[in-house]
1. Looking at the stretch 46-58, is at least one residue modelled with pLDDT under 55, part of a loop (DSSP other than H, G, I, E, B) and among the acidic types (Asp, Glu)?
2. Go through 115, 89, 95 for me and flag whichever is farther than 19 Å from residue 10 by Cβ, among the aliphatic types (A, V, I, L, M) and at pLDDT below 95.
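The values are calculated or read from the model by the stated rules, or taken from the named source; none is laboratory data. The structure displayed is predicted, hence computed values, not measured ones. Positions of Cβ are backbone-derived with ideal geometry, glycine not excepted, and every protein chain shown enters the neighbour counts.
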Amino acid sequence: MGVSQNWLRIIRTKFFRSSNRDIISLRSSPSKEAILTDETPTPNVVDLFSTPTLPEQVLSNEDIAANKIQAFFRGHLARRAYRALRSLVKLQALVRGVCVRRQARIALQCMHALVRLQVSVRARQLLGRC
């Protein structure tokens, strides 16, 4: 679970920097709430949930094309990051497998040493009784 959150955080930081947030602003006028409370809207806030009410808020063909290019490029970057993450996970699994096999080999060697010690102790006990 931690690995998936880690790569999501990496992707979020790559795509949601302050320079990328204010690329497209769909609002040209402050909201009604901002007018009523005398707040000025921040320039890099993108309001995607409000419906456009003014005719100047219609996007031109160039804006739509820029949106599509950005979406495709971000998708490309996300796929590349995901491929890198998958290869990293495979490498980690390989290294962990090597470590586990080494640990198992050491544990078996210790168990064999204990068994040999136990056999020699029992053999002494049997020879001492006779």
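1. No, the stretch 46-58 contains no residue that is modelled with pLDDT under 55, part of a loop (DSSP other than H, G, I, E, B) and among the acidic types (Asp, Glu).
2. Going through 115, 89, 95 in turn, just one is farther than 19 Å from residue 10 by Cβ, among the aliphatic types (A, V, I, L, M) and at pLDDT below 95: 95.
For (1) touching a residue at least 12 places away in the same chain (Cβ under 8 Å); (2) farther than 30 Å from residue 6 by Cβ, each residue gets a yes or a no:
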position: 66; (1), (2): yes, yes
position: 73; (1), (2): no, no
position: 83; (1), (2): no, no
position: 87; (1), (2): no, no
position: 104; (1), (2): no, no
position: 122; (1), (2): no, yes
